[in-house]
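Below is one structure, written out as structure tokens, with a few remarks after it.
The values are calculated or read from the model by the stated rules, or taken from the named source; none is laboratory data. Source: prediction; values computed, not measured. Reconstructed Cβ throughout: ideal geometry from the backbone, glycine too, with neighbour counts over all protein chains shown. Surface areas here come from the heavy atoms of the whole protein model, side chains and all, with no ligands, DNA or RNA. Shrake-Rupley method; radii C 1.70, N 1.55, O 1.52, S 1.80 Å.
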Amino acid sequence: MKILALETSARAVSAAVSENGRILTSGYQDTGLTHSRTLMPIVEHILKNADLKPTDMDAIAVAVGPGSFTGIRIGVAAAKGLALALDKPAIGVSTLAAMARNVAFADGLVVCAMDARRSQVYNATFSAEGGVLTRLTPDRAISLSELAEELRGAERSITLVGDGACLAHTCFTENGLPCRLAPPHLLLQNAVSVALEAKALASQGKMVSAQELAVFYLRPPQADMLKKKPVTIQ
């Protein structure tokens with residue numbers, strides 16, 4: 001099974017193709033350019049260099065959140081368009097579950113942390129043992145102090161991953177909670193991990209149509225919140 005995976009949930013953008021869990025090709029860019037400008041050229045480039053065509057894909061996977069509202073929308077819209085045009089199923093992948101796969105080899109607790117602003121992180125915690133991940137919490141928005149307290153007394157090593165990992169590392173160490181950062185090349189989310197998580201979901205039959213693919217927000221977009229905010233005229 002060939003899967004084209006897209007990752008646009010944060011500053012970087014990436015795409016990858018896997019076949020039965022083996023990564024055939026991938027591309028990654030973190031230059032500050034908008035995802036709407038960079039995503040599809042990356043897809044075209046990796047497919048061309050691997051002598052693959054879009055029609056060779058069996059499914060289209062994408063990180064559906066949590067993460068950057070604009071980034072997620074771009075990635076999901078692209079995945080929807082590809083899946084619809086190719087008449088292929090889609091696979092919506094949790095950004096946090098995918099990034100946990102970066103360090104599935106690190107036995108212990110894998111704590112995913114994405115900077116959610118407002119003194120919070122988007123988080124999910126997993127147990128890693130022998131390369132197998134077991135989810136311990138749902139995807140959620142939580143303060144670093146609450147997360148540190150929750151993990152206090154953990155008897156297993158803690159590995160932090162995500163663009164909020166450095167913030168978490170500072171908070172945890174200041175509170176006497178031992179932890180370690182994932183290596184730099186494994187710290188952030190990427191389409192390779194999305195592809196691997198998508199394979200696991202596909203084996204469980206968790207595929208949807210292009211029309212059913214949806215974004216996953218833990219908080220409403222700021223624009224929606226501003227719309228609902230009452231206006232006071234002085």
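Worth a mention:
- Segment 151-170-segment 5-23 distance, computed between alpha-carbon centres (Å): 24 Å
- Segment Leu33-Thr70, extension gain: residue separation times 0.36 nm, minus the distance between their alpha carbons: 12.0 nm
- Computed lengthening from Ser127 to Tyr217, 0.36 nm per intervening residue step minus Cα-Cα distance: 30.0 nm
- For the chain, calculated [θ]222 nm from helices alone, where every DSSP H run of n ≥ 4 adds -39500 (n - 2.57): -10000 deg cm²/dmol
- Label-point separation, Ser143 to Lys48 (7 Å along Cα→Cβ), nm: 5.1 nm
- By a 1.4 Å probe calculation restricted to protein chains, Arg156 has an accessible surface near 90 Å², given to the nearest 10.
- Segment 75-133 - Rg (one decimal) and Dmax (whole number), Cα, Å: 15.2, 42
- Apportionment of accessible area to carbon and sulfur, segment 10-154, percent (1.4 Å): 50 percent
- Taking only the alpha carbons of the chain, we obtain Rg and Dmax values of 18.0, 64 Å in that order.
- Only lysine pairs 8 or more places apart or on separate chains count here, and in the chain those with Cα atoms under 22 Å apart total 16.
- Highest-first packing order for the peptide set 55-64, 199-208 is 55-64, 199-208, based on the mean count of other beta carbon atoms within 10 Å.
- With protein chains left intact and a 1.4 Å probe, residues in the chain average 49 Å² of accessible area per residue.
- Alpha-carbon Debye profile of segment 55-107, log10 I(q)/I(0) at 0.17, 0.21, 0.32 Å⁻¹: -0.58, -0.77, -1.14
- 0 to 90° range, to nearest 10: angle between helix 191-203 axis and the chain longest Cα axis: 80 degrees
- Glu146 exposes around 110 Å² of accessible area when a 1.4 Å probe is run over every protein chain in place.
- Approximating the spin labels as points 7 Å out from Cα along Cα→Cβ, the Phe105-to-Arg118 distance works out to 3.8 nm.
- Relative to the longest principal axis of the Cα atoms of the chain, the long axis of helix 165-174 makes an angle of roughly 10 degrees.
- Cα-based radius of gyration of segment 14-140 once divided by 2.2 N^0.38 Å, which approximates compact folds: 1.14
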